[in-house]
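The values are calculated or read from the model by the stated rules, or taken from the named source; none is laboratory data. These numbers were taken from a predicted model, which means no experiment stands behind them. Backbone-built Cβ (ideal geometry, glycine too); neighbour counts: all protein chains shown. With ligands, DNA and RNA removed, areas are computed over all heavy atoms of the protein, side chains included. Shrake-Rupley method; radii C 1.70, N 1.55, O 1.52, S 1.80 Å.
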Amino acid sequence: MEAWSLPDSYGDTRIVAMVRDPWWIYAYWEIQPAKIDEVRRKVGDGAWRTVRSVLRVHDVTGVTFDGTNARRFHDITIEGGASAWYVEVGVPGRSWCVEIGILTADGRFFVLARSNVVTTPRDTVSPVIDEEWMVQDEVFQKLAGVAGTLRPGASTNLAELMRKRMIARMSSEGLTSLTSPVRRAAGSKQP
């Protein structure tokens, strides 16, 4: 049986961005020689000797990005013929687009490929609070029955049943009941 492997390239010119976590994205790319030759002709042979390959990382939060209207961007110099890069964006909860291109010594940027837009998640707990969790009565009864708290079809209030069981267990173990007042240390304030 012949071993199968992934090809080294797919014959495309493209860059793809993916979210890693709130502070990092990952980009991978493939640039065809014909695209590099096209940009080299635009740059000119003289200027080509001093160009750098860069990833231009655009913050495109809240905009439909057209290549010129990013909120801000920063460049990362790519060295060693890399075809993938972890990009630190440093700000969670934002949308990002990555371009790979050629930056000339005089500051002109020539795009080889532009990625998709990705949005990093926030680094905090969600502010969304579910106001109500709804479970059908028959599902609740089955779950409660499996947990051993209710007999199927019983109408006992689960919270009250659990409270009674806990009080009984605490009493049998010689612990203070749930209904007794809490002793406070001298000098402590009541809530």
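Points to keep in mind about this one:
- Residues located in region 1-48, provided they are touching a helix residue (DSSP H, G or I) at 6+ places or on another chain (Cβ under 7 Å) and within 27 Å of E88 (Cα to Cα): T13
- Any chance D75 is farther than 15 Å from W23 by Cα and either aromatic (F, W, Y) or not in a loop (DSSP other than H, G, I, E, B) (or both): yes
Yes/no matrix, rows are residues, columns are (1) more than 30 Å from S126 (Cα to Cα); (2) within 26 Å of the chain's Cα centre (by Cα):
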site	(1), (2)
Y10	yes, no
W24	no, yes
T50	yes, no
I76	yes, yes
R94	no, yes
V98	no, yes
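- Residue-level check: of (1) aliphatic (A, V, I, L, M); (2) within 27 Å of the chain's Cα centre (by Cα); (3) at pLDDT below 95, I36 misses just (2).
- Listed by first and then second residue, the pairs with beta-carbon distance under 7 Å, at least 6 apart or on different chains, first residue in region 1-14 and under 10 Å from Q32 (Cβ atoms), second part of a loop (DSSP other than H, G, I, E, B) and acidic (D, E), form an empty list.
- Inter-residue pairs, beta-carbon under 8 Å, first over 20 Å from Y28 (Cβ atoms) and in region 49-77, second in a strand (DSSP E or B) and among the small types (G, A, S), 6+ apart: D59/S95; T61/S95; G62/S95
- Selection from region 115-157 of residues that are modelled with pLDDT of 65 or more and aliphatic (A, V, I, L, M): V117, V118, V125, V128, I129, M134, V135, V139, L143, A144
- Candidate set from region 25-49 (those that are assigned to a helix (DSSP H, G or I) and not charged (D, E, K, R)); member that is surrounded by the most Cβ atoms within 10 Å (Cβ to Cβ): V43
- From the options V87, V57, residue that is in a strand (DSSP E or B), closer than 25 Å to R40 by Cα and open to solvent by less than 50 Å² (accessible area, probe 1.4 Å): V57
- Failed criterion for T77 (all others in (1) surrounded by 10 or more Cβ atoms within 10 Å (Cβ to Cβ); (2) at pLDDT 95 or above hold): (1)
- Count - residues of region 92-110 that are touching a residue at least 40 places away in the same chain (Cβ under 8 Å), outside any strand (DSSP E or B) and either in contact with a helix residue (DSSP H, G or I) (Cβ under 8 Å, 6 or more places away or on another chain) or open to solvent by 50 Å² or more (accessible area, probe 1.4 Å) (or both): 4
- Test result for V54, within 19 Å of T120 (Cα to Cα) and modelled with pLDDT of 95 or more: no
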